[in-house]
Amino acid sequence: MRNETSIKSSGTKTLGKRAAQLLTALYERGRPTFTLADVRDITGLNPGSARTLVHKARARGLITRLKAGRYNLVPYELGRATEFVADPYLIARDVVEGAPYFLSHATAFEIHRLTTRPNLEIFVSSPRRFRRQTIGGYRFHFVLVPAARFFGATSQWVTKEHCVAVSDLERSVIDGLRLPQYVGGITEVATGLWMRRAEFDVPRCLDYARRLGVAAVRSRLGFLLERYSLADDASLRSLRAEPASAYNRLDPTLPAEGARLSSWRLQLNVAPEELDAVRSG
C-alpha cells in the first residue's frame, strides 16, 4: 500500500494529506465504492467539510459520483477518468452495506455462463428489503428472500482483489424456475441447465427445491430433468412426492394455454420444439 502523503499516479493526481488519508483507508478496506458517511468515519470531518473534500477529490479526477451521496474510486492508472464507474457487482456488494446478500437470477446466470443474453439489470437477493435504484448507469433490482430461504450462495472473484457473493449454479437454476421473468423465461433456464449439465449437481438441486418449498418449482425442475434425461427415476419420484394442488404454467410469463401434463401438474405453454432445440443450440 502506498504511503498516505505520497500516493499519486501523475502530477494531476498528487494528493493532499486529508485526501490521501481517505483514499488509503478506502483501498485498505476494499471499498471501491463509498458514501459520505464513510468519508466522515475515515477522516473525522463534519458533514460540510466531508462534502468539500469529496468535491475537491472529484475535481482532481480521484473519484466519480455514482448517485447522490455515493461515489467510487478511480484507479490510478486511468488518470482523470471522471466518468469511470466501478464494477457493478462490487457496487451491489457495497450498496447492501453489510446485509446478507447474493447476486442472483439473470446476474447469476451471466456469472455462471448459463446464458448468452445481454444482462441490463443487476439482480441482488437479500433478506433485507431494498428499493430498486439506478447507480452509475446500472439498474439494481433487489429480490426479497425470507431468511429461511436464504441459502445456496458461493463466493466469486470479480477482480484480482475483490470477490462477491453469488448464488451457486444449482441455486441459480432454482431461482430461475421460481421467477423465470427475472432470467428471460423458462427456455433460458432450460438452456442454462443443458449448457452446464456436466457440472450440475442434481442431488443438491433436489435438496434446494425441497427446502424452498414451492410446488411449482419442484414440478418445473422435475419436468426439465426428465425431458433432458438428467436425473434417475428415484430422483424424479422424490419430486413427485408432494404434488402441486393445482396446475401451474411451465412458464408463468406466457399465457395459460397448451396441453396439461398430469405427471408434473404443469400446463405446457412452451412449444416442445422450443424445448428440444435447447439440446442442439
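The values are calculated or read from the model by the stated rules, or taken from the named source; none is laboratory data. Note that this is a predicted model, so its numbers are computed, not measured. No Cβ is skipped: glycine too gets one built from the backbone with ideal geometry, and neighbour counts run over all protein chains shown.
Just a few scattered comments:
- Some residue of segment 48-69 being at positive phi, of a type in the set (Lys, Arg) and modelled with pLDDT of 80 or more: no
- Between Gly79, Gly11, Gly16, Gly30, the distinction of being under 23 Å from the mean Cα position of the chain (by Cα), at pLDDT below 85 and surrounded by fewer than 17 Cβ atoms within 10 Å (Cβ to Cβ) belongs to Gly30 only.
- Members of segment 33-54 found to be surrounded by 16 or more Cβ atoms within 10 Å (Cβ to Cβ) and among the hydrophobic types (A, V, I, L, M, F, W, C), listed by number: Phe34, Leu36, Val39, Ile42, Leu45, Ala50, Leu53, Val54
- Tallying residues that are outside any strand (DSSP E or B) and free of Cβ contacts under 8 Å to residues at least 24 places away in the same chain within segment 233-267 yields 14.
- Residues in segment 131-146 that are crowded, with 18+ Cβ neighbours inside 10 Å and assigned to a loop (DSSP other than H, G, I, E, B): Gly136, Val145.
- Note on segment 43-57: residues that are within 20 Å of Arg29 (Cβ to Cβ) and not in a loop (DSSP other than H, G, I, E, B) total 5.
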